[in-house]
1. Taking only region A:52-79 into account, find how many residues are of a type in the set (Phe, Trp, Tyr) and within 13 Å of A:Gly114 (Cβ to Cβ).
2. Looking at the structure I just gave you, is B:Ser98 within 11 Å of DNA strand D (Cβ to nearest atom) and within 14 Å of another protein chain (Cβ to nearest Cβ)?
3. Residues being part of a loop (DSSP other than H, G, I, E, B) and open to solvent by 50 Å² or more (accessible area, probe 1.4 Å): count how many of those fall in region B:92-115.
4. Report the residue count in region A:76-90 for those that are open to solvent by less than 30 Å² (accessible area, probe 1.4 Å) and either small (Gly, Ala, Ser) or near DNA strand D (Cβ under 8 Å from one of its atoms) (or both).
5. Before we move on, is A:Pro73 away from DNA strand C (no atom under 16 Å from the Cβ), without any contact (Cβ under 8 Å) to a residue 12 or more places away in the chain and farther than 23 Å from B:Cys83 by Cα?
6. Just checking, how many residues over region A:47-69 are over 13 Å from B:Ala47 (Cα atoms), open to solvent by less than 40 Å² (accessible area, probe 1.4 Å) and without any contact (Cβ under 8 Å) to a residue 60 or more places away in the chain?
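The values are calculated or read from the model by the stated rules, or taken from the named source; none is laboratory data. All values reported here derive from a predicted model rather than from experimental measurement. Virtual Cβ from ideal backbone geometry, glycine too; neighbours counted across all protein chains shown. Just the protein is used for accessible areas: all its heavy atoms, side chains included, with ligands, DNA and RNA removed. Shrake-Rupley method; radii C 1.70, N 1.55, O 1.52, S 1.80 Å.
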Protein chains: 2
Amino acid sequence: MSLWQQLLRLLGYHKTTDRFTFEADASLIHSLQGLAKQQRRPEHEVAAELLSFAIAQRDAAEQNLQRWEQLSPREQQVAALICLGYTNRQIAARLTISPETVKTHARNLLLKFGLGSREELRFALAGWDFSAWDR
Amino acid sequence: MSLWQQLLRLLGYHKTTDRFTFEADASLIHSLQGLAKQQRRPEHEVAAELLSFAIAQRDAAEQNLQRWEQLSPREQQVAALICLGYTNRQIAARLTISPETVKTHARNLLLKFGLGSREELRFALAGWDFSAWDR
DNA sequence: ATTTTACCAGAACTTTTGTTCTATTAATTA
DNA sequence: TAATTAATAGAACAAAAGTTCTGGTAAAAT
């Protein structure tokens, strides 16, 4: 019985793996084995924990999406550019407004997110892809 | 408890009973199903991706530990307090040095980490527990 | 019709971080 | 022994973010 099948079984699944998924699993199996050996724990246990960790990350991302949707168009623009790492001055130049206005929008959107700084915003939305806003 | 042990603990290095693991799996199944449904993808595929993501996080943490160990005692102090969210002034007061000196140590430790700002440091070490440095 | 609210715009002032430089000391290297 | 390096300490200046305030307009509520 393969590791993946062990995992699926642990998770209560009884599906067979197709060929594509198996290839991806090969590298995962290797990583999992390395990690499990390092931790001296069974692979399936390590895998379950890693999944739990990853899913928690996703749940937080879901909540942030709801907050994102409450932003005004302008606030979303500013938020995206903040997360892309631009300074107020750079954002201002891009949106043809003043840096002070950027700060105002930043303040407002942070309030809607319930965050205290743009660093927190960048941290909260770290897994998001804002490349579409970077034209 | 050493920092390494703290880190391992944060990374979830602890023994669990079969029973605990089983309970965790039930919630995992639920979460996985929800996520897979949302993404309209097979559960095992989503799980593989999540695992991949989680393992990448772990690898990065390992690398950061090596960099941490290259820091001088003072640099570790400053790094820990930075990650706990203190300002230069606050750190200076605590270590009875000037804020300028804090900045110098910050500069030096960031160089050793290969990072550009304290925000990046806080991001890189986000999963670490620095409470022991917060007396 | 008037008031309220959300959105967009902006400025003055403060705080914080970043950048570049200087100096001393102990340990190591040439 | 002199030179080099790492660690620790510090300051001047610049850039960036944070804080508090103001103002105009359109739409919704009173």
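1. Pass one, region A:52-79, residues of a type in the set (Phe, Trp, Tyr): A:53, A:68.
Retained after the next criterion (residues that are within 13 Å of A:Gly114 (Cβ to Cβ)): A:68.
Residues flagged as of a type in the set (Phe, Trp, Tyr) and within 13 Å of A:Gly114 (Cβ to Cβ) within region A:52-79 amount to 1.
2. Criteria not met by B:Ser98.
3. So the first thing to find is which residues in region B:92-115 are part of a loop (DSSP other than H, G, I, E, B), and the list is B:96-98, B:114-115.
Restricting the remaining residues to those that are open to solvent by 50 Å² or more (accessible area, probe 1.4 Å) gives B:96, B:114.
Total meeting the criteria: 2.
4. Here the count works out to 3.
5. Working: away from DNA strand C (no atom under 16 Å from the Cβ): no; without any contact (Cβ under 8 Å) to a residue 12 or more places away in the chain: yes; farther than 23 Å from B:Cys83 by Cα: yes.
It is false that A:Pro73 is away from DNA strand C (no atom under 16 Å from the Cβ), without any contact (Cβ under 8 Å) to a residue 12 or more places away in the chain and farther than 23 Å from B:Cys83 by Cα.
6. Total meeting the criteria: 1.
So that you can scan it fast, the table gives a plain yes or no per residue for (1) at pLDDT below 90; (2) under 20 Å from A:Phe123 (Cα atoms):
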residue	(1), (2)
B:Arg40	yes, no
B:Leu50	yes, yes
B:Trp68	no, no
B:Ser98	no, no
